[in-house]
Structures are given as structure tokens and as C-alpha cells.
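Here's the structure we're looking at; comments come further down.
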Amino acid sequence: MQDPAQRFAASRAWHERASRVLAGGVSSQFRAFGVFHPMHYVRAEGARIWDADGNELLDYTLAQGPCILGQSHPELVARVQRAVARAQLFAGQHEEEVLLAEALQRLIPCAERVRFASSGSEAAQACIRLARAVTGRQRILKFDGHYHGWLDSVAFNVAPPGNAAGDAPVPWCAGVAESAAADVVCLPWNDLDAVRQVMARQGAEIAAIITEPVMCNQGCIEPVPGFLQGLREICDAHGAALIFDEIITGFRLGLGGAQAHYGVTPDLALFGKALGSGFPLAAIVGRQRWMAPLEAGAAYHAGTMNGNNACVAAGLATVELLAREEGAALRHIAAMGARLRDGLAVLGVRHGLKLRVQGPGPMFNMAFSALPRATEFRHVAADDRASYQAFCRGMLLEGVRLIERGLWYVSAAHTEDDIAITLAAADRVLGRIAAGDPP
Ligand SMILES: Cc1ncc(COP(=O)(O)O)c(C=O)c1O
């Protein structure tokens with residue numbers, strides 16, 4: 001195993017140069033949390049990515065989720081190239097935009113109407129605006145540990161320190177508008193009683209409950225049985241909108257999203273990441289009643305780049321490729337993900353390490369924790385992050401690229417051999433950690 005300083009020397013040099021011009025050396029805060037330092041890359045294909053030093057890495061970050069088909073899928077690339085050869089952006093409607101919207105309407109239960117956007121963060125804002133416009137109420141209820149983009153209205157209790165239900169919302173970072181806190185109520189996830197109690201007191205002020213249907217960003221925690229259905233019933237009883245943030249669950253749990261998977265239909269939902277396979281495409285979808293302010297021109301959502309040719313073509317290619325052979329690619333992703341997830345759990349037992357590996361499979365989370373199952377953020381907050389960092393360092397030196405907060409994404413391009421290579425690498429790295437010699 002080579003010295004990381006030599007192995008990633010070019011990446012490090014690029015990072016130092018980038019830091020003199022890009023703020024923090026990166027274009028998104030999540031890229032600043034590199035295992036050794038933020039890495040620089042030159043090429044990616046299928047499940048593999050090559051860094052500036054020429055290291056070939058098996059990739060489970062998939063660009064933080066979007067590359068569900070793997071990178072540079074030839075049919076997707078060709079389709080995008082054809083679209084861009086016609087024009088980049090019409091600032092008007094076009095055929096492929098309508099075709100993609102029709103596909104989403106067919107596939108996603110709540111998608112009676114669709115509006116395209118360019119990022120998940122702004123799609124979340126649009127959903128919240130719609131909920132406020134329809135209900136005439138201001139406040140939203142969100143859950144601890146859930147991330148709905150970087151903008152102020154939802155930048156609370158993303159990773160709250162030692163939170164308790166009913167505590168004042170904790171801003172995500174410096175600079176978040178203090179005034180925004182007044183419009184947010186934050187609660188632990190998977191706790192219907194807590195939601196019922198708050199709604200009984202404040203339901204008349206709450207425009208929407210927004211939730212990731214699986215708490216992907218922290219612990220990859222699935223809803224306990226009845227939780228999503230319970231939220232549906234509470235929203236119906238109080239006249240609030242139920243918003244599903246399907247930015248990660250979208251397409252990983254099926255082309256109908258988590259709402260089809262769990263059989264609970266929200267009023268509004270946002271899709272992104274995998275929808276555009278790495279191109280900046282997001283969608284706001286919803287029941288006609290909740291999308292009506294857009295149709296009536298009463299509430300605005302806009303964006304110069306929305307519906308641009310390259311992104312829409314990427315979206316159409318993604319949907320078509322995932323739907324092919326009755327969803328063969330999605331079945332493959334689920335099977336590979338489950339094999340990897342279960343294999344990692346077995347390795348933890350074999351090495352006598354307390355590992356928690358949980359999640360549906362197409363995405364899952366791995367953590368060093370004595371708690372065999374997490375159901376809400378407080379469980380995740382107690383994870384041993386230093387050991388996971390060591391694991392990520394060891395895996396990177398083994399040629400496997402992971403997300404440092406424990407989330408794993410599997411793509412259609414990952415093969416059985418890739419899973420075997422990854423498990424063999426994990427076996428070696430966990431062996432070192434178990435022996436008290438962490439990388
Ligand atoms: C669940 C969830 N919602 C919203 C967002 C924001 O999406 P974007 O980064 O496209 O703005 C993310 C991004 O990671 C996410 O994971």
C-alpha cells in the first residue's frame with residue numbers, strides 16, 4: 001500500500017492551486033470533506049473513475065448519487081450530444097420536455113403535473129412555496145437529520161447537536177437567516193406521536209410536512225411500518241401538504257419513487273440527482289390541486305436554464321434505460337446493493353467489529369456503531385465517525401472511493417466482480433481496524 005502523499009500527489013497539487021482561486025478549493029461544500037484532501041478527477045466510465053494521479057478507483061459515490069447508470073453511458077451520451085447539436089436552450093418549450101414530463105406523469109403516483117427545475121435545492125423551495133400558496137400558512141415541519149438542499153428555509157437540524165423534540169431549530173451553518181427559524185418546526189423522524197402532538201397544537205399554522213421517504217442522508221433509515229401512512233393521515237386531517245423529497249429515493253427505489261415503493265402518495269414531491277444522470281435536472285411534481293398556483297400564475301417558479309436540451313435529453317435517456325426489459329437495470333442495482341450491504345455486515349461479524357449496515361440496497365449506510373439498527377437521527381449522531389474515516393482512507397488506498405459519511409450508492413454498471421473486489425478490499429481494511437492498526 002503506497003504512501004497517500006505520493007499516491008495522490010497530483011490531486012493534492014491541484015487542490016492547492018484550486019484553493020487559491022476556488023473558495024475552499026471546491027464548488028460544493030460536500031466536496032470539501034475529502035478523505036485525505038479534496039480529490040481531482042480526469043475521467044469516469046461505468047463504475048470507475050480516474051483521478052489526476054492516474055489512480056483507477058471503483059466508485060460508490062456516483063457523483064453523490066446521480067450516476068445511477070454508471071458514468072458516461074454511451075446511449076445517454078449520444079442522446080445528449082444529438083440534443084445539444086440541435087440547440088442548447090430555447091427558453092421555450094420543446095418536444096423532449098413534454099415527452100419527459102409525460103413519462104414522469106405515467107410513472108410517479110402524485111405527478112398529475114410536472115415542472116422542471118435545475119437543482120434539488122430550488123425544487124424543495126418551489127414545493128414549500130406551493131404549500132404556502134395553497135394553505136395560506138407559513139410554517140413547515142421538517143425532521144432532524146433530513147437534508148432538503150442548502151437554502152435557508154430548510155437549513156435547520158440537518159445534523160443537530162444533542163437535539164430534543166421541541167428544541168429551537170439549529171441552523172446548519174453560519175449565515176443562515178435567523179428569521180427563517182420562526183417558520184420551521186423540527187422533530188425526530190419515525191415518531192408519529194411527536195408529529196401528532198405538534199400538529200394538534202400548531203396544525204393550523206403548518207403549511208407542509210416535508211420528509212425524505214427514506215432518511216438517506218443520515219444513516220439511510222427506512223420508515224418504520226405505518227410512519228409514512230401516518231404522515232399522510234395527519235396531513236389530511238390538518239389540511240397540510242405532504243411533501244416527499246425524492247431527490248435520492250427517486251428512481252433508486254423504482255421509477256415511481258418511494259411513493260410507489262411504499263404505497264403512500266404525497267401531495268408534492270421533488271426529484272433530481274438520478275433523474276438527470278449527472279446533468280442538472282430536477283422536477284417538482286404534484287397533485288393538480290397543489291400545483292394549481294403555478295397553473296394559475298398565482299405562485300411563481302422560474303429559472304433561465306430550466307428544461308434545457310442537454311438535461312432533458314439526459315432525463316429521457318435515464319428513464320428509458322432504467323425502464324428497459326421491465327426494469328432490469330433497477331433489479332440489478334438492488335441485487336448488487338443487497339449483496340454488498342450483506343457482505344459488509346458479515347465482514348463486521350467476522351472481524352468482531354460493531355458495524356451497522358442498513359438501508360434498502362440500491363443505497364445503504366455503513367457505520368461503526370454498537371446499535372444494530374437506527375431509526376432516527378440521534379442514533380446516527382452517536383456513530384464512531386473516526387473509525388469510518390479510517391475505513392474510507394483504507395478503501396481509497398485499496399482503489400475504492402466511498403462517501404465519508406457512510407452512504408453507499410450502487411449503479412447499473414457495478415458487476416458481481418466489482419462487488420467481490422470491494423468485499424475483498426473491505427475484508428483487508430476491516431482486518432487492520434480490528435487489529436488496532438487503522439489506515
Ligand atoms: C434528499 C435531498 N434533497 C435535496 C437535495 C438538494 O439537491 P441539490 O444538491 O441538487 O440542490 C439533496 C442533495 O444532496 C438531497 O440529498
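Give the residues of region 112-127 that are more than 10 Å from the ligand (Cβ to nearest atom), under 9 Å from residue 306 (Cβ atoms) and out of contact with any Cys (no Cβ under 9 Å at 6 or more places or on another chain), sorted by residue number. The answer is 115, and nothing else.
Restricting 123, 159, 181 to those that are under 26 Å from residue 295 (Cα atoms) and either assigned to a helix (DSSP H, G or I) or out of contact with any strand residue (DSSP E or B) (no Cβ under 8 Å at 6 or more places or on another chain) (or both) reduces the list to 123. Considering only region 142-166, state which residues are away from the ligand (no atom under 15 Å from the Cβ) and touching a Cys at 6+ places or on another chain (Cβ under 8 Å). Selection gives 160, 163.
Taking every residue in region 109-125 that is at negative phi and of a type in the set (D, E, K, R) and pairing it with any residue that is near the ligand (Cβ under 9 Å from one of its atoms) and outside any helix (DSSP H, G or I), at least 6 positions away or on another chain, the pairs with Cβ-Cβ distances below 8 Å are 122/149; 122/151; 122/282.
Please work out if residue 91 is in the same structural domain as residue 190 (by TED's automatic domain parsing), away from the ligand (no atom under 16 Å from the Cβ) and touching a residue at least 60 places away in the same chain (Cβ under 8 Å). Yes: the conditions hold for residue 91. Of all strands (runs of 3 or more DSSP E) completely enclosed by region 1-117, which ones contain at least 3 residues that are crowded, with 17+ Cβ neighbours inside 10 Å? Qualifying strands (runs of 3 or more DSSP E): 48-51, 56-59, 113-117. Taken as a whole, region 385-397 holds no residue that is in the same structural domain as residue 343 (by TED's automatic domain parsing), touching a helix residue (DSSP H, G or I) at 6+ places or on another chain (Cβ under 7 Å), under 30 Å from residue 327 (Cα atoms) and among the aliphatic types (A, V, I, L, M).
Before we move on, is residue 310 part of a helix (DSSP H, G or I) and touching a residue at least 40 places away in the same chain (Cβ under 8 Å)? Yes. Just so you know, in region 278-328 the residues that are among the polar types (S, T, N, Q) and away from the ligand (no atom under 16 Å from the Cβ) include one that is surrounded by the most Cβ atoms within 10 Å (Cβ to Cβ), and it is 309.
So that you can scan it fast, the table gives a plain yes or no per residue for (1) among the small types (Gly, Ala, Ser); (2) closer than 25 Å to residue 380 by Cβ; (3) crowded, with 21+ Cβ neighbours inside 10 Å:
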position	(1), (2), (3)
145	yes, yes, yes
167	no, yes, no
179	yes, no, no
182	yes, no, no
191	no, yes, no
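Please verify whether residue 261 is closer than 25 Å to residue 314 by Cβ, away from the ligand (no atom under 14 Å from the Cβ) and either touching a residue at least 12 places away in the same chain (Cβ under 8 Å) or polar (S, T, N, Q) (or both), treating the condition exactly as stated. Criteria met by residue 261. Filtered by the rule that a residue be of a type in the set (A, V, I, L, M), within 16 Å of the ligand (Cβ to nearest atom) and within 23 Å of residue 231 (Cβ to Cβ), region 264-274 gives 268, 269, 270.
The values are calculated or read from the model by the stated rules, or taken from the named source; none is laboratory data. Source: prediction; values computed, not measured. Positions of Cβ are backbone-derived with ideal geometry, glycine not excepted, and every protein chain shown enters the neighbour counts.
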